[in-house]
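Just so it is clear, none of the values below were taken in a lab; they were calculated from the coordinates. These figures come from a predicted structure and were not determined experimentally. Ideal geometry is used to build each Cβ from the backbone, glycine not excepted, and the neighbour counts take in all protein chains shown.
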Amino acid sequence: MTPNTEPSAAPAAQPARKKPRIALAIATAFGVGYIPRAPGTFGSLVGLLLAWGSWFFWGIPCLLLFLLVAAVGVWSGGRVAAFAGIRDPRYVVMDEISGQHLTYLLGFAPAWRSITATHSFIAGLALSTFPPVSWKYLLLGFILFRVFDIWKPFPVRQAERLPGGWGIMADDWVAAVYAALGLWIARYLGL
């Protein structure tokens, strides 16, 4: 005689989560984030090229491009982080792209020479495709952004605590503000 057994109460298997392929492609800048060494630095380089391209080739207003990259970065970064179960995956580089772009947006705004009129500054950000800038300032902006993004002075690290994609992106935006201030100081000093 076989003992009367009831079906085991094994835990229900969770359905496999679907990989967010589009979000992964965007968040990693179409694979740049998978570069084994220094993916954030390569992401920043993409941000530099994107900003430079928008100024010289595409004629896209820089603020509009920044807002688009930022919004897509928050969405894709949040989706990838949720899928990976990691707060800020190393291979997500849209935050560096967006932060590097913001460094140049704030650091090279056409109205930056006469910041006394706030409305002129904002109009300059919104409508400008920026005049050519020296390669030295592009390089300085790149270096300053990477330093502040890695160092994470107050409140850069605190911005990482925001939920989802906002935390992934916001710390780089704050680092970009520091880097842009560094560019302003360099210009003011005539460096």
Looking only at the range 54-71, decide whether some residue is touching a Phe, Trp or Tyr at 6+ places or on another chain (Cβ under 9 Å), buried (at least 20 other Cβ atoms within 10 Å of the Cβ) and under 13 Å from ILE168 (Cβ atoms).
-> yes
Yes/no for ARG157 being farther than 20 Å from SER44 by Cα and assigned to a helix (DSSP H, G or I) = no
Which residues, taken from the range 35-94, are assigned to a helix (DSSP H, G or I) and basic (Lys, Arg)?
-> ARG79
